[in-house]
Amino acid sequence: MPSLADKRILLGVTGGIAAYKSADLVRRLQDRGATVRVVMTAGAREFVKPLTFQALSGNPVHTDLLDPAAEAAMGHIELAKWADVILIAPASASVMARLAAGMADDLLSTLCLASEAPLVLAPAMNQAMWRHPATQANAQTLQSRGATLLGPDAGSQACGDVGPGRMLEPLDIVDGLINTIAPEQVLKGKKVAITAGPTREALDPVRYLSNHSSGKMGFAIAAAAARAGAEVTLIAGPVRLETPAGVNRVDVVSTEDMHKAAEDAADDSDLFIAAAAVVDFRPAVVANQKIKKEDGSDSDVLQLVKNPDIVAAIAGRTSKRPFVVGFAAETEKVAEHARGKLARKNLDMIIANDVSNPEGGFNSDRNQVILIDDNGEQLLPAALKTELATQLIGLIAARAFPSAE
Ligand SMILES: Cc1cc2nc3c(=O)[nH]c(=O)nc-3n(C[C@H](O)[C@H](O)[C@H](O)COP(=O)(O)O)c2cc1C
């Protein structure tokens, strides 16, 4: 079982209804060998008594910044240095805003500012609070500075709303934490090339053909592969996503550009994962100037030519061929169509998803997939794309490099 042995975890608990679940989280962290010290905000203390966390953690609970007694024993700077990781669960909208702004107006925010330890947050709040542009911007700011967000999950909420904002369950937080700070190095020493996002085919200087791919799945896989020890090249179409930590990113626009970058990267890769939603056809002619409405007839037909099939080209190699994993975005007969693609393109494995399913697909943070290879099919039930990516990397590594296990 992956472990947190010898890890010193500073658990920040903030003022949300999910604070009661953090009592169980302390136990689950200790089960994996961690030492836990708890910091509670004033808001958190309205929901759960510090005594609960003191009894469970076996350590005094830290609550106040301006406490002379605390400064004589373990003060805020010592606590900040003591932590191997700071985990905030539940992370309120308020604490996310304070951390994004660099505030140091209570013990927890001051610790976060004073510590060089990795910061991991498990947000928990009402769905409208989570969806609010201010919270979304704060989440992005924190992530761009290296913080990891675990969740939130979606579903029914304590307030009666339904939507994203539920704190992940304690065991899922523990798994996410391990994947963040002590992931199994299943791809150590391996070179991995991953394509992600859409491609874009110009019609003229202002218009293009593309699709709804957000790139979230491919970026999550790149992040998971890097955490698993791989040297990752991420070939990204036009997307608005931060580059995952430790990943080498190559930005492309057209399918032909992506093809060239993929061939270059595949020459030196052990594993190639094609998660991009490549545009299959491009205009036969790209106009130099903007096409004018007045110049066309009522029934002008766009002439298209086929784009290169990137994943089939890499899988069809006779030399320097990496283990090749494709994706199939289907809207009907998902497994059947994916199996056809696996055989037709000579892939080693295919990950099929139903993009018409409201529980997943292009722009969602969640997905449900079927992993198919010559050994059979495996359904991975609906989960956050970030969690699914970690599971997929584990399964792909086990099949691509069985001797490494
Ligand atoms: C009953 C109740 C439940 C609340 N639940 C949440 C919550 O789940 N998430 C959240 O961000 N804020 C929640 N709030 C609001 C926070 O408690 C409030 O923003 C507080 O200032 C957070 O401070 P802290 O981040 O320092 O703990 C709740 C408030 C009340 C009264």
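One residue is enough: does region 183-196 have a residue meeting the conditions under 17 Å from Arg366 (Cα atoms) and touching a residue at least 12 places away in the same chain (Cβ under 8 Å)?
Checked region 183-196: at least one residue is under 17 Å from Arg366 (Cα atoms) and touching a residue at least 12 places away in the same chain (Cβ under 8 Å).
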Enumeration of residues in region 1-36 that are assigned to a helix (DSSP H, G or I), more than 16 Å from the ligand (Cβ to nearest atom) and surrounded by fewer than 22 Cβ atoms within 10 Å (Cβ to Cβ):
Asp24, Arg27, Arg28, Gln30, Asp31
Restricting the first residue to region 315-332 and requiring it to be over 17 Å from Glu263 (Cβ atoms), which pairs with a second residue that is aromatic (Phe, Trp, Tyr) meet a Cβ separation below 9 Å and a spacing of at least six or different chains?
Ala329/Phe362
Going residue by residue through region 82-89, is there one that turns out to be in a strand (DSSP E or B), near the ligand (Cβ under 10 Å from one of its atoms) and in the same structural domain as Tyr20 (by TED's automatic domain parsing)?
yes
Testing Val232 on (1) over 16 Å from the mean Cα position of the chain (by Cα); (2) in contact (Cβ under 8 Å) with a residue 24 or more places away in the chain; (3) more than 27 Å from Pro90 (Cβ to Cβ), one condition comes back false. Which one is that?
(1)
Exactly one of Ala245, Ala261, Ala265, Ala224 is in contact with a helix residue (DSSP H, G or I) (Cβ under 7 Å, 6 or more places away or on another chain) and not in a loop (DSSP other than H, G, I, E, B), and that one is Ala224
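Quick check: is even one residue across region 120-138 part of a loop (DSSP other than H, G, I, E, B), more than 12 Å from the ligand (Cβ to nearest atom) and not aromatic (Phe, Trp, Tyr)?
No, the conditions are met nowhere in region 120-138.
Provide a single number: the residues in region 68-81 that are in a loop (DSSP other than H, G, I, E, B) and either in contact with a His (Cβ under 7 Å, 6 or more places away or on another chain) or within 26 Å of Ala100 (Cβ to Cβ) (or both). Quick ask: steps written out before the conclusion?
Within region 68-81, the first condition is being in a loop (DSSP other than H, G, I, E, B), and the residues that meet it are 73-75.
Among the residues that remain, those that are also either in contact with a His (Cβ under 7 Å, 6 or more places away or on another chain) or within 26 Å of Ala100 (Cβ to Cβ) (or both) are: 75.
Total meeting the criteria: 1.
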Quick one: Gln143 ticks every box in (1) part of a loop (DSSP other than H, G, I, E, B); (2) within 20 Å of Ala389 (Cα to Cα); (3) more than 13 Å from the ligand (Cβ to nearest atom) except a single one, so which number is it?
(1)
Residues of region 146-171 being under 16 Å from Leu384 (Cα atoms), of a type in the set (A, V, I, L, M, F, W, C) and outside any loop (DSSP other than H, G, I, E, B), in sequence order, are Leu149, Ala154, Leu171
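The values are calculated or read from the model by the stated rules, or taken from the named source; none is laboratory data. Predicted model, so just to flag it, every value in this text is computed and none were measured. A quick note on method: Cβ atoms are made from the backbone with ideal geometry, for glycine too, and the neighbour counts reach across all protein chains shown.
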